[in-house]
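Engineer: Shown below is the structure under consideration.
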Amino acid sequence: MKSGGGSMARIGMYAGEDWWTFLSTYEDHPPILDISCGSTTVSVSIADRRTGAAAVEFARELADRAARFAAEVERLHVRDHDGDGEACTACQNRGSGAGEAA
């Protein structure tokens with residue numbers, strides 16, 4: 001059955017302790033971001049290798065939402081933290097550069 005082009009999909013990933021991310025960049029086409037949780041990987045890139053204004057807008061919004069996601073997780077971590085910052089790898093790595101929440 002064909003629809004009017006309004007295709008839709010939804011994928012949920014709930015990260016435990018078995019996650020990883022990987023970014024592949026290339027000279028001649030858009031990057032590919034892999035996000036893995038357990039044995040499932042989702043790859044994100046740009047359709048038809050077209051890096052026009054819509055692709056830039058998507059990438060910027062993705063980065064903004066990811067930074068907000070990280071900030072919210074950090075906020076909840078601080079709220080629920082047991083106070084032992086020396087034993088906490090998240091606290092030790094906080095503000096260490098790449099991926100730092102806004």
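The values are calculated or read from the model by the stated rules, or taken from the named source; none is laboratory data. This is a predicted model, so every value here is computed, not measured. All Cβ positions, even for glycine, are placed from backbone atoms using ideal geometry, and neighbour counts span all protein chains on display. Heads up: the accessible areas ignore ligands, DNA and RNA and are worked out on the full protein's heavy atoms, side chains in. Shrake-Rupley method; radii C 1.70, N 1.55, O 1.52, S 1.80 Å.
Engineer: What do you get for Rg/Rh of the stretch 41-85 when both radii come from the Cα atoms and Rh is the Kirkwood radius?
Structural biologist: 1.24
Engineer: Loop-only GluC sites (Glu not before Pro) in the stretch 41-86, please: DSSP not H, G, I, E or B, and at most 11 other Cβ atoms within 10 Å.
Structural biologist: Sites meeting the loop and neighbour criteria: 86.
Engineer: Take the Cβ-Cβ distance between residue 51 and residue 74 as r, set R0 to 22 Å, and report the resulting FRET efficiency rounded to the nearest 0.05.
Structural biologist: In this case the efficiency is close to 0.10.
Engineer: With N residues in the stretch 1-75, what two-decimal value do you get for its Cα radius of gyration over 2.2 N^0.38 Å?
Structural biologist: Expressed relative to 2.2 N^0.38 Å, the Cα Rg reads 1.31.
Engineer: Select from the stretch 30-78 those trypsin sites (Lys or Arg not before Pro) which occupy a DSSP coil region and have at most 14 other Cβ atoms within 10 Å, ordered by residue number.
Structural biologist: For trypsin sites (Lys or Arg not before Pro) across the stretch 30-78 that sit outside H, G, I, E and B with at most 14 neighbouring Cβ atoms in 10 Å, the list reads 50.
Engineer: Write out the chymotrypsin sites (Phe, Trp or Tyr not before Pro) in the stretch 14-67 meeting two conditions: DSSP loop, and at most 11 other Cβ atoms within 10 Å of their Cβ.
Structural biologist: Counting only loop positions with at most 11 other Cβ atoms within 10 Å, the chymotrypsin sites (Phe, Trp or Tyr not before Pro) in the stretch 14-67 are 14, 26.
Engineer: Also, I was wondering about something else. Please compute the contact order of the stretch 20-95 in relative form: average sequence separation of alpha-carbon pairs under 8 Å and at least six residues apart, divided by the residue count, as a percent.
Structural biologist: Relative contact order, the stretch 20-95: 15 percent.
Engineer: Sticking with this one: Using a probe of 1.4 angstrom, how much of the accessible area of the stretch 1-77 is carbon and sulfur, in percent?
Structural biologist: Here it works out to 56 percent.
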